[in-house]
Amino acid sequence: MSEEKQVSSSFTSMAGSAAETEAPELGIGMLGYAFMGKAHTNAFKKIPYMMYPPAAIPRLVGIAGRNQDAVNAAAQRYGYEHAYTDWRDLVANDDVDVFDNGGPNDAHAEPCIAAAEAGKHVFCEKPLARTAAESKSMLDAVEAAGVKHMVAFNYRFVPAVQQAKKIIDSGKLGKIYHWRAVYLQEWGMDREMETSWRYQKHIAGSGALGDLGAHIIDLARFLVGEPRSVSGLANTWITERPDGSGGMVKSDVDDGFVGLLDFENGALGTVEATRFAQGRKNFNNFEINAENGSIQFNLERLNELNVFWKGESPDTTQGFHNVLVTEAHHPYWENWWPQGHIIGWEHSFVHEFHHFFNAIVNDESVAPYGATFVDGYRNAVICDAILESAESGRRVDISYA
């Protein structure tokens, strides 16, 4: 039996006491109805019959957005009971138990803080906020309110990534020496594409760093540990973009960045993200090199994990094992299909929300498998430090408040 299988075990339903009785309802109030609104709602609808028995049954209470026609259409399409153009009305709805914030980055802090103060459990898309200081205000609010809180670093919940975590935590891999990760997309290269909030620093906070880099920085912390210092480079190649009405508007976020990480455990790391990688659609790739072997993962082949073990006979293998992470003993697979019947990107959200709902219903910890606002804040500290280093040309030490 291969070592990666020896350290595997089935991630059970986690429904706890809720499995023994009828699962409770959790009222969902969602801010935002576009890309993440669709992804999150898809997860809510799948949980009751796929993550069975469910920890909770999501009830789609309300959805909020700025455009009345668009939010009404989203409510009808997805099945939300109410549509609001002011998130305050959503937060004020007593039927909302969980506030799910999928809005632009400048709409993260104030609504999430208000929801926490109203006693709602809070789920927020990444990056948690535009800056570390703003993130800290959100962390302080949820901790003061005593509500459950989670940041949408959904790649933690890909079964192959969970399997990598289990291998590392088992000690089989030994001391980790290297972490290298890239997150590459190409869509930002189109100079004629109309601008969006993602290119405006006062809304987004950062560009490729917060949009893509935050994910691989989170995976670095999740799988390897805390960095103690960073060095960074960043660049903006297109400084103006069409405003949609015949004019041009300033684009003042990073189009790409590279960061060097010095981990507390002695490992060295690199992180790189760009929206200027011609030919790359959603290439989130990491590799870990350690004392007894290596692990490699590519999001575009998310059902696979490549594992190499030191000391295996060269007569049987001279490279990585390609492990199809679809066996019943692999994380979350008791909920899905027979071996080899792969799942997709959207299923990471199913696992993520199931985990969050279980923490709420059974009063369990979101950490360490889920990313809390602590993780969101620390991620923001690292992102800020990379930009500070890029501007100053100096290495920046990581310090958390």
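Read-outs: derived from the displayed coordinates by stated rules, not from any lab. In this text the structure is predicted, and so the values were computed from the model without any measurement. Heads up, the Cβs are rebuilt from the backbone with ideal geometry, glycines too, and the neighbour counts pull from every protein chain shown.
Among the listed pairs K166/K201; K148/K175; K201/K281; K166/K281, which have their C-alpha atoms separated by more than 31 angstrom in this model? Provide the component values of the computation, followed by the final result.
Working: K166/K201 38 Å; K148/K175 33 Å; K201/K281 24 Å; K166/K281 28 Å.
Where the Cα-Cα span goes over 31 Å, the pairs concerned are K166/K201; K148/K175.
Going through the stretch 235-302, which chymotrypsin sites (Phe, Trp or Tyr not before Pro) have at most 14 other Cβ atoms within 10 Å and a DSSP loop state? Please list the in-between numbers first.
Values: sites: W237, F257, F263, F276, F283, F286, F297; in loops: W237, F276.
Those satisfying the criteria are W237.
Over the chain, what is the mean sequence separation of C-alpha contacts under 8 Å (at least six apart), divided by residue count, expressed as relative contact order in percent?
Details: 885 pairs, mean separation 84.9, N = 401.
Reported as a whole number, the value is 21 percent.
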Fill in the blank from the handout: For the stretch 69-213, the Kirkwood Rh over every pair of distinct alpha carbons, in Å, works out to 17.9 Å
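How high is the FRET efficiency from T239 to E22, r the C-beta distance, R0 45 Å, rounded to 0.05? The partial results should precede the final answer.
Values: r = 57 Å, r/R0 = 1.26.
That pair, T239 with E22, gives E of 0.20.
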Practice task
For the chain, with a Gaussian network of springs between Cα atoms less than 10 Å apart, report the residue from I47, I63, I343 with the top mean-square fluctuation.
Solution key: I343
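According to the Cα gyration tensor, what semi-axes, each the square root of 5 times an eigenvalue, does the equivalent ellipsoid of the stretch 155-392 have, listed from largest to smallest in whole Å? Walk me through the intermediate numbers first.
Values: eigenvalues 210, 89, 72 Å².
The equivalent ellipsoid of the stretch 155-392 has semi-axes of 32, 21, 19 Å.
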Completion exercise
Under a Gaussian network model of the chain whose springs join Cα atoms within less than 10 Å, the largest fluctuation of D211, D384, D86 belongs to D86
Practice task
Post the alpha-carbon centroid distance, the stretch 82-96 to the stretch 344-367, in whole angstrom.
Solution key: 23 Å
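So what's the chain giving for Cα Rg divided by 2.2 N^0.38 Å, two decimals?
Output field value: 0.98.
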Fill in the blank from the handout: the chain, Gaussian network, Cα under 10 Å: of S245, S206, S365, the residue fluctuating most is S245
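For the stretch 9-154, what number results from the quotient of the Cα radius of gyration and 2.2 N^0.38 Å? Intermediate values should be presented prior to the final figure.
Numbers: Rg = 15.1 Å, N = 146, 2.2 N^0.38 = 14.6 Å.
So the Cα radius of gyration is 1.04 times the expected 2.2 N^0.38 Å.
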Handout entry: Pairwise label distance in nanometres, R395 with N298, each label 7 Å out on the Cα-Cβ vector
Key = 3.3 nm
Completion exercise
Check: C-alpha center the stretch 145-169 vs C-alpha center the stretch 217-250, spacing in Å is 23 Å
Problem - trypsin sites (Lys or Arg not before Pro) within the stretch 275-341, DSSP loop, no more than 13 other Cβ atoms inside 10 Å - result: K281, K310
